[in-house]
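First the structure, in the form of C-alpha cells, and then the observations on it.
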Amino acid sequence: MNSTNRVLNRLVLFVVGLVLVALGAVAILATAWNPAREAWSAATEAGDSWLVGAADATAIGATTASWVAIGAVVLIVLAIALLIFLLTRVGGGRSRVVVRTEASETPLGRVVVREGFASDALKNALSRRDDVLSVSVSASDIRRQPVMHVAVTPRQNTDPRALAEDVDRLVTNLAVVTGQQIPTYVSLHSGLRAKLAADHRRLA
C-alpha cells in the first residue's frame, strides 16, 4: 500500500468513525435530555411531512412511485459503487496469479505463475533453515499488477536482516526462473508460537 492509498484509507475510516460517533451522541442526547428529545421528535415529524409532500409533488402519473424514491435509489447505488471503488483502490483484490506476462514481454513467451508454485518453491527452499517455523505466500492485485506477499515466522533470536536477505535472494532466483521480476514484500512475524518453539530444534 503506497502513501496515497494509506492516506485515503485513513480518511475513509475517519469519516466513517466521525459519522458513527455523531449518531451515537445524538441517540444518547435524545434519550437522556428532554430538550434534545423534543427537538428530535420535531425534526423527525418535519422530515416525515417533507418526504410525504415531496413524494406527492413528484409522483409519476397515477402510480405510487415518485422521482424522490428513484433518486434515493440512484444515490444509494452510486454510494455503494464509490465504496467498492475505494476499497479496491486501497486494498487490492485477492489473486491466485503471481506472475502474468504476454508472449512479447519475455523470451519464454507467455508466462503465468500461480500462487501455489511460488509458495511451494519458497517453502522448500526455506525448509533447510532450522530457524524458520512457517512460511506463507499470498498474492494480490494492486492496481492491476500481481504483488506477492511472503510472510515468515522465525524462531526467537533469529537475525532478521539475514533472513530477509535470504528470502530476497530466493525471490530473485524465482524471477530468473520465470523471466519476470516479481513485485514482492516480505514480512517477518513473531508471536506465541515463536516463543514456545524457541528452545526446540526441528528434526530433519
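Conditions tested, residue by residue: (1) open to solvent by less than 90 Å² (accessible area, probe 1.4 Å); (2) over 30 Å from SER187 (Cα atoms); (3) touching a Cys at 6+ places or on another chain (Cβ under 9 Å).
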position: VAL7; (1), (2), (3): no, no, no
position: LEU13; (1), (2), (3): no, no, no
position: VAL16; (1), (2), (3): yes, no, no
position: TRP33; (1), (2), (3): no, yes, no
position: ARG37; (1), (2), (3): no, yes, no
position: THR44; (1), (2), (3): yes, yes, no
position: SER49; (1), (2), (3): yes, yes, no
position: THR63; (1), (2), (3): yes, yes, no
position: ILE70; (1), (2), (3): yes, yes, no
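State which residue is modelled with the lowest pLDDT when the search covers only region 156-196 and only residues that are open to solvent by less than 40 Å² (accessible area, probe 1.4 Å) and not in a helix (DSSP H, G or I).
Restricting to residues being open to solvent by less than 40 Å² (accessible area, probe 1.4 Å) and not in a helix (DSSP H, G or I), the top hit is GLY191.
Among LEU87, LEU108, LEU75, which is the only one that is out of contact with any Cys (no Cβ under 9 Å at 6 or more places or on another chain), part of a helix (DSSP H, G or I), at pLDDT below 85 and open to solvent by 20 Å² or more (accessible area, probe 1.4 Å)?
From the options LEU87, LEU108, LEU75, the qualifying one is LEU87.
Applying the selection to region 143-155, what residues are open to solvent by 50 Å² or more (accessible area, probe 1.4 Å) and either acidic (Asp, Glu) or modelled with pLDDT of 75 or more (or both)?
GLN145
The values are calculated or read from the model by the stated rules, or taken from the named source; none is laboratory data. Source: prediction; values computed, not measured. All Cβ positions, even for glycine, are placed from backbone atoms using ideal geometry, and neighbour counts span all protein chains on display. With ligands, DNA and RNA removed, areas are computed over all heavy atoms of the protein, side chains included. Shrake-Rupley method; radii C 1.70, N 1.55, O 1.52, S 1.80 Å.
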